[in-house]
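**Q** Pasting a structure below so you can have a look.
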């Protein structure tokens, strides 16, 4: 895929620039005047009169390398967006997101998704990812294509519930896919009255 070839492109570009950097350093050293015996003079005056062209040459090459890195990263981002537009057109696209609110009564371990009785995603969260969700992050756990009409989405959450006990909860959602892209948010929230986690489903197009 295009994204997989971009790191190789970056390595190739850097491999091309590094020899140029080495040659520039050699040419700078060769251009320096040969050492000769001269009368003793004021060292401060000699230091101030020394050419600074070599430093400028290295700085210029470093700026070119950094600019090339930025161009490759920008290109990678544009290709990623283009790839998603080609693989998942807006008229058939469906995406499912996971978010959390508070998280006092539930610590998320994994999410499994089934769409029309077919497993489409099974994601295991690291502790760092779970903390990011608690801080307001949103994770896109699935993106795919779906034809217009009625569909069934089953979400299975596993983790630790109240009193550090293993907790497993499923939710079934009936989806009506229209002509535009379909987005579903699975939000895990605390229900203080029952001291239990609550799973809320939000849909938008």
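**Q** If I ask for residues that are part of a strand (DSSP E or B) and touching a strand residue (DSSP E or B) at 6+ places or on another chain (Cβ under 6 Å), which ones from the range 116-143 would you list?
**A** Looking only at the range 116-143, we keep the residues that are part of a strand (DSSP E or B), and these are 118-124, 138-143.
Matches in the range 116-143: 120, 121, 122, 123, 124, 138, 139, 140, 141, 142, 143.
**Q** If you scan the range 144-172, which residues turn out to be under 18 Å from residue 93 (Cα atoms) and either surrounded by 15 or more Cβ atoms within 10 Å (Cβ to Cβ) or not assigned by TED's automatic domain parsing to the domain that holds residue 117 (or both)?
**A** 144, 146, 151, 153, 154 - these are the residues of the range 144-172 that are under 18 Å from residue 93 (Cα atoms) and either surrounded by 15 or more Cβ atoms within 10 Å (Cβ to Cβ) or not assigned by TED's automatic domain parsing to the domain that holds residue 117 (or both).
**Q** Moving on to the next point. I'd like the full set of residues that are within 27 Å of the chain's Cα centre (by Cα) and either part of a loop (DSSP other than H, G, I, E, B) or within 16 Å of residue 104 (Cβ to Cβ) (or both), limited to the range 148-199.
**A** Within the range 148-199, 157, 159, 180, 181, 187, 188, 189, 199 meet the criteria.
The values are calculated or read from the model by the stated rules, or taken from the named source; none is laboratory data. In this text, all values refer to a predicted model and were calculated from it rather than measured experimentally. Cβ sites come from the backbone with ideal geometry, for glycine too, and all protein chains shown count toward neighbours.
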